[in-house]
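The values are calculated or read from the model by the stated rules, or taken from the named source; none is laboratory data. This is a predicted model, so every value here is computed, not measured. Backbone-built Cβ (ideal geometry, glycine too); neighbour counts: all protein chains shown.
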């Protein structure tokens, strides 16, 4: 992994879309917020397309939360082995994300994503492509989120929100 990029090491944002226009709102400059606060930031489950919350914690991992069918919350964590971090442990426990700590690391000691890799399938980012981004050993978590934002079309809005 390269040197960490400039910018905040941790942040939480809410991302929503009306038509082709994206809106990114900074929720917190650190990712230490409690999981229920992040879930409430999703708003009403009936909104289409559903907004999502992205949390980057210390550049080490990220979490995405989004409403799914019937109002359930869909969750993705970029590294489900980061259980020593409070938010990661809460996400893994609450959403029943399986963690294979035996053999979960490759030669670079990179962990594995867990949860719903189809979280952006309706937006045109299929699980196979998302997995490629999330498992890139040379990227920090915030760089992975930037790649996802670029792929979905809200990179400029994300950069403006987290650097404001």
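For segment 46-67, a residue qualifies if it is within 13 Å of residue 16 (Cβ to Cβ) and outside any strand (DSSP E or B), and the qualifying residues are 47, 48, 49, 50, 51. Of all residues in segment 76-85, those satisfying the criterion of being in contact with a strand residue (DSSP E or B) (Cβ under 9 Å, 6 or more places away or on another chain) and either over 14 Å from residue 59 (Cα atoms) or assigned to a helix (DSSP H, G or I) (or both) are 76, 80, 81. Which ones in segment 30-45 are out of contact with any strand residue (DSSP E or B) (no Cβ under 9 Å at 6 or more places or on another chain) and within 25 Å of residue 20 (Cα to Cα)? Residue satisfying the conditions is 40 alone.
Cβ-Cβ distances below 7 Å connect the following pairs, each with a first residue in segment 84-96 that is farther than 16 Å from residue 74 by Cβ, a second residue that is assigned to a helix (DSSP H, G or I), and a separation of six or more residues or different chains: 87/35. Of all residues in segment 143-159, those satisfying the criterion of being assigned to a helix (DSSP H, G or I) and either farther than 19 Å from residue 58 by Cα or modelled with pLDDT under 95 (or both) are 150, 151, 152, 155, 156, 157.
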